[in-house]
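The values are calculated or read from the model by the stated rules, or taken from the named source; none is laboratory data. Given the structure is predicted, the values throughout are model-derived calculations rather than measurements. So basically every Cβ, Gly included, is an ideal-geometry build from the backbone, and we count neighbours across all protein chains shown. The accessibility values were calculated without ligands, DNA or RNA, using every heavy atom of the protein model including side chains. Shrake-Rupley method; radii C 1.70, N 1.55, O 1.52, S 1.80 Å.
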Amino acid sequence: MTEIFSDTGFRQLTQMFLAIIFFHTSEYILAIAVHGKSRVTLSSLLISKHYALAMVISVLEYLTEIVFFPGLKQHWWISNLGLIMIVSGEIIRKTAIITAGRSFTHLIKIRKEDHHKLVTEGVYQIMRHPSYTGFLVWSVGTQVMLCNPVSAVAFAVVVWRFFAERIPYEEHYLKQFFGRQYVEYAQRVPSGVPFVT
């Protein structure tokens, strides 16, 4: 039980909670900066019941493994790789939000608004859905950083599957909004989520 309070346990859990706090706080602040305080709700924190449950399960996995298999948490190169993934995912996602500006929303728009424009510059030249790529890298990175093998695989599968379903739905509306311009863009630029075209 003392392993939980070891330097390893303290470092990894502190990094995990700081990553979560920074991610959600910065999402909320960016939403206010881009859309104005009156148009932003707490849903911009992006915390759902399923997400909270997944994070609780990952902490339970961590605590179980550090008590029964403390050596599993001592792979610093894996933990540091996860930390790099967290920072990289944050940079990709926040760059996407800033680049898209008012065209970025947390909820899929089913009606085109006057300010909507097809964003193809910056990080959008490399991938069509950089915010999804960033979140996928960030979320899996939180589990790699904790050296949580079960949660790392589970997060990768669940988050990938979520975006594999969401991207075609979102792109249906983007094709309606922007027509041939979006179709040509989609043919040139990959989605950014592996195996999702």
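On the first, second and third principal axes, largest extent first, how far apart are the outermost C-alpha atoms of the chain in Å?
Between the extreme Cα coordinates on each principal axis of the chain lie 59, 37, 27 Å.
Let me check against my output: what whole-number percent is the relative contact order of the chain, with C-alpha pairs under 8 Å and at least 6 apart?
24
For n ≥ 4 DSSP H runs only, could you compute -39500 (n - 2.57) per run for the chain, divide by its residues and tell me the 222 nm figure to the nearest 500?
Helix-only estimate at 222 nm: -23000 deg cm²/dmol.
Determine the equivalent ellipsoid of the stretch 80-197 by diagonalising the alpha-carbon gyration tensor, then write out the semi-axes as square roots of 5 times the eigenvalues, largest first, rounded to whole Å.
Ellipsoid half-lengths, sorted descending, are 27, 15, 12 Å.
From zero up to wherever the largest Cα-Cα distance of the stretch 123-167 sits, split into 5 Å bins and tell me the percent of pairs in each.
The calculated distribution, bin by bin, is 5, 23, 28, 20, 15, 8, 2.
Just check the stretch 1-118 against the gyration tensor rule for me: Cα atoms, a ≥ b ≥ c as the square roots of the eigenvalues, rounded for a/c under 1.5, and otherwise prolate or oblate depending on whether a/b exceeds b/c.
Prolate, since a/c reaches 1.5 and a/b exceeds b/c.
Hey, any idea what Rg/Rh is for the stretch 14-79, computing Rh the Kirkwood way over Cα pairs?
Rg/Rh for the stretch 14-79 comes to 1.15.
Can you give me the % of accessible surface on the stretch 1-154 that is carbon or sulfur? Probe 1.4 Å, all protein chains present, nothing else counted.
73
Quick one: accessible area per residue over the chain, 1.4 Å probe, rounded to a whole number of Å²?
56
By average Cβ neighbour count within 10 Å, what is the ranking of 139-148, 54-63, 81-90, 98-107 from highest down?
Averaged packing, sorted descending, gives the order 139-148, 81-90, 54-63, 98-107.
Provide the solvent-accessible area of Ile91, counting protein heavy atoms only and rolling a 1.4 Å probe, rounded to the nearest 10 Å².
So the heavy atoms of Ile91 present about 100 Å² to solvent.
Considering lysine pairs in the chain that are 8 or more places apart or on different chains, how many have Cα atoms under 21 Å apart?
8
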